[in-house]
Amino acid sequence: MPPPMSSDLGAAISGFLDGKALSTAQQNQIHRLLGLYARLKYGDAAMGTLRELVAIPTFRVEGVAQHDNPEFIKMGNTLKTLAESFNLSFRNIDNRVFEVSLNGAGDEIVGIHAHADVVPANPQDWVLEDGTRLDPFKVSQVGNRLYGRGTEDDKNGIVVALYAMKVIQEERLPLARNFKLLVDTTEEIAGDAIAYYFERNPTPHYNVALDGGYPVVIAEKGYGTVTANFARRTAQGDGAEIISMTGGLAANQIPPTSVAILVGENPIDLAARLQKAGNEYARRNGDNFNIIAQVVGKEVQLTVTGVSAHSSEPESGVNPVARMLGFIHSLDGNIALKQNHISDAARYAADNWGLDYLGGKLGIGFSDAFMGPLTTSLTFIGMDEKTFTLMVNLRVPKGKRLDVLKAEIADKLGAWSTKNAIAMDLDYLMTEPMLRDPEGEWVKALLDVASENLDMQRKFGASAGSTSVHDLPNGVQFGLARLDVKYTGHTNKEFKTVDQFLLDLQIVTEMMGRIGQLPKL
């Protein structure tokens, strides 16, 4: 039996139904009820929509622009059908950005940002501890968890925003401003789709990303990569040869495993020696990862298993790419290996980056009291017929100019290359960190809605992740993850709990109702 309704709430409801002017507190109570209503009425339908969107594999395909990818075209058509069935306006901006509008009075626009693209997923890695195999592009409910690529990052954001807009539209809530849900298609890669949109459309006055942390995140680290390209070369010397190695499928992804293939004259003996050396290496380096060497046909498959993580939070994982490269380099002088482009890359990684993800090995580390430290994660490995590529993903706080940081890295890596006579081509990408000092009723409302519903401290936060609002005016993150809980996006066990998904629907509905009806932001 529900608890009796308080007289204050009863007065707010009566006043609302009678069309009377409400106090600010009463108006906030109505918005809280609106969120609860959305959760109760549309929670199941929203989960069904999440399943539908996750089933569309919207990851980057090499050589195909996102706007030409049939899966993104399908995503646009799916969102169009949904939006129009909700009586919301829909625009497809050349398959770059999908725009859903909820119109109110005046010219003021609040942008709600989410993204449809996801990082790639290796189905072989999607295995739970009990052996249950998952399809990353099918939502699998296991207990309270909804597993699937995009359940956390960021198709959940699209869904809850759509249903929040649906409820506000159905209930004919009078809005003092306009909302636009902007669904980005390149947030995980170049970020050029949202730029394309703003070259042709007005920039919202306020911008809220449903792609980060609660309660309100006002600082995002800058994003960067250091890409080392090693020309493939004929192996030299005696011993076994490493012929391939895997890493993350994207620069912003720490994978669960890294796999190397070696060939040698005696695979059984080679596997045994690698296994012994691997056990010793793991013990020397934290003993929180596994190295397995096994004979597969005439080759030896070497697998390092760590803990996958979003590369913005390397501390939440155990990086198998760094450990694979470090282990291979540690074999020098112990197990005979021919020298080639992969052994060159292993030496480069071990000498300059190591297992430390704070830039300590290279001597470039620094930290900001609010935003946290510079992080440096070995992530992506790629190989074609000409080149072996290794990427380090940087997350850069304020505290050092980017040109100074880049020069430091370039000087140190250049000196190492000369000293070790290992040629490599280096490319650098770095973006400025974001730090905002937002003021006004809108940001107070965001803090109130999140902190009250989630029982969190009412204070601003900082994130290592970068979102679509990074360079936009009045841009902040508003969920949909909790900064005090490990983020599962980009991992091989990405999930959203049912409870949190429904709470997100409630919170976003309340937020949009409240922001939409504030007399002044």
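The values are calculated or read from the model by the stated rules, or taken from the named source; none is laboratory data. These figures come from a predicted structure and were not determined experimentally. Note that we place each Cβ from the backbone using ideal geometry, even for glycine, and neighbour counts take in every protein chain shown.
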Worksheet item: Is it fair to say residue 332 is at pLDDT 95 or above and assigned by TED's automatic domain parsing to the domain that holds residue 397?
Response: no
Worksheet entry | Selected residue (only one of 9, 50 is surrounded by fewer than 18 Cβ atoms within 10 Å (Cβ to Cβ) and touching a residue at least 12 places away in the same chain (Cβ under 8 Å)) | 9
Discussion item. Against the definition (more than 30 Å from residue 267 (Cα to Cα) and either part of a strand (DSSP E or B) or not assigned by TED's automatic domain parsing to the domain that holds residue 485 (or both)), how does residue 354 come out, yes or no?
Written reply: no
Worksheet item: Going by the conditions given, is residue 203 β-branched (Val, Ile, Thr), at pLDDT 95 or above, surrounded by fewer than 23 Cβ atoms within 10 Å (Cβ to Cβ) and not in a strand (DSSP E or B)?
Response: yes
Practice prompt. Output the residues belonging to region 275-323 that are touching a residue at least 40 places away in the same chain (Cβ under 8 Å), aliphatic (A, V, I, L, M) and closer than 13 Å to residue 491 by Cβ.
Written response: 307, 309
Item to complete: Considering each residue of region 116-160, count those that are touching a residue at least 12 places away in the same chain (Cβ under 8 Å), out of contact with any helix residue (DSSP H, G or I) (no Cβ under 8 Å at 6 or more places or on another chain), closer than 14 Å to residue 497 by Cα and polar (S, T, N, Q), and give that number.
Response: 0
Fill in: Checking residue 189 against (1) more than 27 Å from residue 430 (Cβ to Cβ); (2) touching a residue at least 60 places away in the same chain (Cβ under 8 Å); (3) out of contact with any strand residue (DSSP E or B) (no Cβ under 9 Å at 6 or more places or on another chain), the condition it does not meet
(1)
Fill in: Of all residues making up region 302-325, the number that are in a helix (DSSP H, G or I) and surrounded by fewer than 21 Cβ atoms within 10 Å (Cβ to Cβ)
2
Practice prompt. State whether the residues of region 164-172 include one that is under 26 Å from the mean Cα position of the chain (by Cα), in the same structural domain as residue 214 (by TED's automatic domain parsing) and either free of Cβ contacts under 8 Å to residues at least 40 places away in the same chain or buried (at least 16 other Cβ atoms within 10 Å of the Cβ) (or both).
Written response: yes
Worksheet item: Restricted to region 372-392, and to residues that are in a loop (DSSP other than H, G, I, E, B) and in contact (Cβ under 8 Å) with a residue 12 or more places away in the chain, which residue is surrounded by the most Cβ atoms within 10 Å (Cβ to Cβ)?
Response: 374
Response to the item:
Note: among 234, 246, just one is under 26 Å from the mean Cα position of the chain (by Cα) and of a type in the set (S, T, N, Q), namely 246
Discussion item. Kindly evaluate residue 503 against the criterion of being at pLDDT 95 or above and within 26 Å of residue 117 (Cβ to Cβ).
Written reply: yes
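Yes/no matrix, rows are residues, columns are (1) at pLDDT below 95; (2) touching an Asp or Glu at 6+ places or on another chain (Cβ under 8 Å); (3) of a type in the set (Ser, Thr, Tyr):
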{"position": "56", "(1), (2), (3)": "no, yes, no"}
{"position": "78", "(1), (2), (3)": "no, yes, yes"}
{"position": "82", "(1), (2), (3)": "no, no, no"}
{"position": "85", "(1), (2), (3)": "no, no, yes"}
{"position": "97", "(1), (2), (3)": "no, yes, no"}
{"position": "115", "(1), (2), (3)": "no, yes, no"}
Worksheet item: Any chance region 435-452 includes a residue that's of a type outside the set (Gly, Ala, Ser) and either within 27 Å of residue 59 (Cβ to Cβ) or within 17 Å of the chain's Cα centre (by Cα) (or both)?
Response: no
Response to the item:
All conditions in (1) buried (at least 20 other Cβ atoms within 10 Å of the Cβ); (2) in a helix (DSSP H, G or I) are true of residue 347 except (1)
Discussion item. So, in region 443-464, exactly how many residues are out of contact with any helix residue (DSSP H, G or I) (no Cβ under 9 Å at 6 or more places or on another chain), crowded, with 19+ Cβ neighbours inside 10 Å, among the small types (Gly, Ala, Ser) and under 24 Å from residue 517 (Cα atoms)?
Written reply: 0
Worksheet entry | Failed item in (1) over 26 Å from residue 326 (Cβ atoms); (2) modelled with pLDDT under 95, with residue 370 passing the rest | (2)
